[in-house]
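Asks: Please find one structure pasted underneath; my questions will follow.
The numbers here are math on the coordinates, done by the rules we state, and not lab data. Fair warning: this is a prediction, and the values are worked out from it, not measured in the lab. Don't worry about glycine lacking a Cβ; one is built from the backbone with ideal geometry, like all the others, and counts go over all protein chains shown.
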Amino acid sequence: MGKLPDVTLRHVGIYVNNINAIVDFYKEVLGFKVADRGPFRGEEIAFLTRDPAEEHHEIVVMSGRPEGSFNTVNQISFRAQTVADLRTTFDLLIEAGVPKVEPIDHGNALSVYFWDPEDNRVEVYIPTSWYVTQPNRTALDFSLSDEEILLANEQKCRADPSFKPLEDWVAGLV
């Protein structure tokens, strides 16, 4: 079998019960724009993007998920740039009244998890410069400054027996 060309994940599609509630959440809380919306195979579909110049859509939501059905989405993850971005995300979610917001230090990433109106888990994260074995979870404390958060993350990682600088871990996989 041949080798897959260099590909990157650019969007995710999910079935939803209440497309209006989901579209409103992603627009109003997370700042997405509706790129297109309309009927499709007897259901309604909406294409959502935060960067229409780069991607027509990053999330596709489609009605038709049976009421009470098991949610097969584990999570939808968005990469941010800085601890300040995570803090802003956390503050916006709290301000919007999102009921379940969970900031986590994974060692190799700092994350803010939350759930949309249909209980799809969403993550905004930044990678760190460290590798530690996963799963690895401790609470991320936004009462600390950005510098203190990064220092606490590094200290946590260096204390872990599996610790490696990220470039060493990557070199071991290549």
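Asks: Give the Cα extents of the range 105-151 along the principal axes, in whole Å, largest first.
Replies: Computed over the range 105-151, the largest-to-smallest principal extents equal 35, 26, 15 Å.
Asks: Treating only the Cβ of Lys, Arg, Asp and Glu as charged (+1, +1, -1, -1), what charge dipole size does the chain show about its Cα centre? Round to the nearest 20 debye.
Replies: On the way: 16 positive and 28 negative charges, 99 e Å.
So the magnitude is around 480 debye.
Asks: Same structure, new question: Expected output is a single nm value to one decimal: the length gained when fully extending between VAL101 and GLU43, i.e. 0.36 nm times separation in residues minus the C-alpha distance. What is it?
Replies: 17.8 nm
Asks: Cα to Cα, under 18 Å, and not fewer than 8 places away if on the same chain: which aspartates and glutamates meet these conditions relative to LYS164?
Replies: List returned: ASP105, GLU154.
Asks: Still on this structure, I have one more. Quote the convex hull volume per residue of the chain, based on C-alpha atoms, as a whole number of Å³.
Replies: Per-residue hull volume (Cα only) is 167 Å³.
Asks: Quick check on packing: order 58-64, 24-30 by the mean number of other C-beta atoms within 10 Å, highest mean leading.
Replies: In decreasing order of mean packing, 58-64, 24-30 become 58-64, 24-30.
Asks: Sticking with this one: Shape of the range 73-174 from its Cα gyration tensor (a ≥ b ≥ c, root eigenvalues): rounded if a/c is under 1.5, otherwise prolate when a/b > b/c, or oblate?
Replies: Judged from the Cα gyration tensor, the range 73-174 comes out prolate (a/c at least 1.5, a/b above b/c).
Asks: What lysines could a cross-link reach from LYS27, if we take a straight Cα to Cα line under 28 Å and drop same-chain neighbours fewer than 8 places away?
Replies: Reachable lysines: LYS100.
Asks: Kirkwood Rh, Cα Rg: Rg to Rh for the range 1-95?
Replies: Checking Rg against Rh, the ratio lands at 1.02.
Asks: Could you sort the peptides 89-101, 120-132 by per-residue average Cβ neighbour count (10 Å cutoff), highest mean leading?
Replies: By packing density, highest mean first, the sequence is 120-132, 89-101.
Asks: Could you check what % of the DSSP bridge pairs in the chain are antiparallel, to the nearest 5?
Replies: Within the chain, antiparallel bridges account for around 75 percent of the total.
Asks: Another question about this same structure. Given 20 °C and 1.002 mPa s, how large is the Stokes-Einstein diffusion coefficient of the range 9-65 in µm²/s, with Rh as the Kirkwood radius over Cα pairs?
Replies: 192 µm²/s
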